[in-house]
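**Student:** The structure is given below, and queries will be raised subsequently.
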Amino acid sequence: MQNVTVLGATGSIGLSTLDVLSRHPESYRIYALTAHSRMAELAQLCHHYKPQRVIVARAAQVDELAGLGVTADIGVGEAGLVEVSVAPEVQVVMAAIVGAAGLIPTLAAVQAGKRVLLANKEALVMTGELFMRAAQEHGATLLPVDSEHNAIFQCMDRPGESVHEQGIERLILTASGGPFRDMSLEAMAGVTPAQAIKHPRWSMGPKISVDSATLMNKGLELIEACWLFAVRPDQVQIVIHPESIIHSMVQYRDGTTLAQLGRPDMRTPIAQALAWPARIRSGVESLDMLACGGLHFQAPDEDRFPCLRLARAAMAAGGTAPAIVNAANEVAVAAFLQNDTSFTSIPAIIAGTLDRLAVQSAHQLQAVLDADRQARVIARELVPRFEVET
Ligand code: NAD
Ligand code: MG
């Protein structure tokens, strides 16, 4: 029996994780659930899954939850998130908070040597080197949940060894291309938040949905792949694959290309990461190959999707550059979702922030946290320059 903490339980990944866990009550017990908002939904989850502990964002939410009949021990804020990530009775931590907010608890779980199921890619993008070193030093088992990285992990013969030792020459990250795959830049300037969060293949939280539409999601995933698998950016090819059936591929030096295929349902990578090296039921049916139809591939257009280029440049610059890009992106996406800036201003705000902030070494966590804070200040100052025209 393993005790599991689900960070970000009310989100898209959090709910899919609870769905998978609930199919295996003999193997997993839910120790803690955390959420930032949506207390009524959190209360429902508590009644259903009966966690010992619950972590919320603000003190007022403690009374709100208690008023909704939740009897679990309720903690608050980042300190609470860290407690349930490092608790000795916990073996598995699902890191499914969105954005930089997930960094400290996710890193704490890694430093506590837990089995960490990593959905919160932003944490790794911000602190790649520190994060991977901590995992090694503290004996954490880091398992990628992001569907592309989970696919690559599954296509590796010996995931613990270096790509060179495994004979791997290239990783291929597939991308659906998002809802604006074939749209002109001029048309993209006028898209609304509702259009941007309506992803053609996947159902996800609002921030990652916008990231998928700008292709910043693929940019963050490029950085994520470089750290997880210790490869250079030039060893990662990004390929648009509109059907989202192949979730990514690995190419070996003997000419072999291995791919992982499946329905676009995150319960598959979640179940794989939970149980690895065993296989458990996830609730997802296998593909019907005869119903798949054709599979198509095309090169991404970095002129229409400059976020890809920005992410690549940040990885090449190293140090705090990926943390700066991540923070500026979070600010720009939030501004876009509030109708404060246009869709095509998102890359402009990120580029402007990168231009105005010197890149520092990222050996110390404090340097990364400082870069994150400074980048947010600068990006917020830039937003009004890109106000939506009314
Ligand atoms: P979501 O918006 O649906 O859920 C986010 C969760 O984090 C919620 O439970 C929310 O309460 C919590 N949260 C938000 N802000 C917080 C804060 N400041 N402090 C503490 N908790 C906070 O997001 P999602 O789509 O589930 O994505 C979660 C993570 O997984 C992201 O990093 C995303 O990039 C990654 N991911 C998601 C998918 C997907 O299919 N949804 C796929 C791959 C990777
Ligand atoms: Mg992904």
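**Student:** So, counting K/R as plus one and D/E as minus one, what does the shell of residues with Cβ under 12 Å around Gly167 add up to?
**Tutor:** That works out to -2.
**Student:** Sequence-distant or interchain residues sharing an amide H contact under 5 Å with Val76, placed H: which?
**Tutor:** Val56
**Student:** Would you mind classifying the range 40-121 by shape? Square roots of the alpha carbon gyration tensor eigenvalues, ordered a ≥ b ≥ c; an a/c under 1.5 is rounded, otherwise it is prolate if a/b is larger than b/c and oblate if not.
**Tutor:** Since a/c reaches 1.5 and a/b is larger than b/c, the shape of the range 40-121 is classed as prolate.
**Student:** Here's something else I'd like to know. Please pull out the direction-averaged projected area of the range 258-351, using the convex hull of its alpha-carbon atoms, in nm² to one decimal place.
**Tutor:** 9.8
**Student:** Could you pull out every residue, at least 5 positions away or on a different chain, whose amide H is within less than 5 Å of the one on Glu169? Hs are placed 1.01 Å off N in the peptide plane, and Pro or chain starts have none.
**Tutor:** For Glu169, the qualifying residues are Gln251, Tyr252, Arg253.
**Student:** Now for a separate question. Around Tyr252, under 14 Å between beta carbons, what's the net of Lys plus Arg minus Asp minus Glu among the other residues?
**Tutor:** Details: positive: Arg158, Arg170, Arg253; negative: Asp157, Glu161, Glu165, Glu169, Asp254.
Summing Lys/Arg as +1 and Asp/Glu as -1 gives -2.
**Student:** Taking all pairs of distinct Cα atoms, average 1/r, flip it, and tell me the Kirkwood hydrodynamic radius of the range 318-390 in Å to one decimal place.
**Tutor:** 12.0
**Student:** Heavy atoms only, probe 1.4 Å: what % of the accessible area of the range 2-144 goes to carbon and sulfur, would you let me know?
**Tutor:** Of the solvent-accessible surface of the range 2-144, carbon and sulfur hold 51 percent.
**Student:** So how exposed is Glu26, as accessible area in Å² (1.4 Å probe, rounded to 10)?
**Tutor:** 120
**Student:** Something else: DSSP loop (so not H, G, I, E, B), at most 15 other Cβ within 10 Å: list which GluC sites (Glu not before Pro) in the range 68-117 pass both filters.
**Tutor:** Sites meeting the loop and neighbour criteria: Glu89.
**Student:** Okay, next question. With every protein chain kept in the model, how would you rank Glu41, Glu387, Glu224 by accessible area, 1.4 Å probe, largest at the top?
**Tutor:** Ranked list, largest accessible area first: Glu387, Glu41, Glu224.
**Student:** Another question about this same structure. Over the Cα atoms of the chain, each weighted equally, I'd like the Debye log10 I(q)/I(0) at q = 0.11, 0.12, 0.13, 0.15 Å⁻¹, rounded to two decimals.
**Tutor:** Summing over Cα pairs of the chain leads to -0.78, -0.94, -1.12, -1.49.
**Student:** Separate question: Got a sec? Which residues in the range 134-156 would a label at Arg279 touch, if it sits 7 Å along Cα→Cβ and we count backbone N under 20 Å?
**Tutor:** Counting only backbone N, you get 143-156.
**Student:** Now a separate question. Sorted by accessible area with a 1.4 angstrom probe, largest first, how do Val82, Val368 fall?
**Tutor:** Working: Val82 40, Val368 0 Å².
Per-residue accessible area, sorted high to low, gives Val82, Val368.
**Student:** Of the cross-linked pairs Lys114/Lys198; Lys50/Lys198; Lys121/Lys198, which ones have a Cα-Cα span greater than 28 Å in the structure shown?
**Tutor:** Lys114/Lys198; Lys50/Lys198
**Student:** When 1/r is averaged over all different Cα pairs and the result inverted, which Kirkwood radius in Å belongs to the range 214-309?
**Tutor:** Result for the range 214-309 stands at 15.5 Å.
**Student:** Where the centroid of each part is defined by its Cα atoms, how far is the range 247-320 from the range 148-191 in Å?
**Tutor:** Between the Cα centres of the range 247-320 and the range 148-191 lies a distance of 5 Å.
**Student:** Sticking with this one: Quick check: from the Cα gyration tensor, does the range 2-144 come out rounded (a/c under 1.5), prolate or oblate?
**Tutor:** Details: a/c = 1.88, a/b = 1.48, b/c = 1.27.
Note, shape of the range 2-144 comes out prolate.
**Student:** Within the range 146-212, list the GluC sites (Glu not before Pro) lying in a DSSP loop whose Cβ has at most 13 other Cβ atoms in a 10 Å radius.
**Tutor:** Passing both the DSSP loop test and the Cβ count: Glu161, Glu165.
The values are calculated or read from the model by the stated rules, or taken from the named source; none is laboratory data. Since we're looking at a predicted model, the values are computed, not measured. A quick note on method: Cβ atoms are made from the backbone with ideal geometry, for glycine too, and the neighbour counts reach across all protein chains shown. Only protein heavy atoms, including side chains, enter the accessible area calculation; ligands, DNA and RNA are left aside. Shrake-Rupley method; radii C 1.70, N 1.55, O 1.52, S 1.80 Å.
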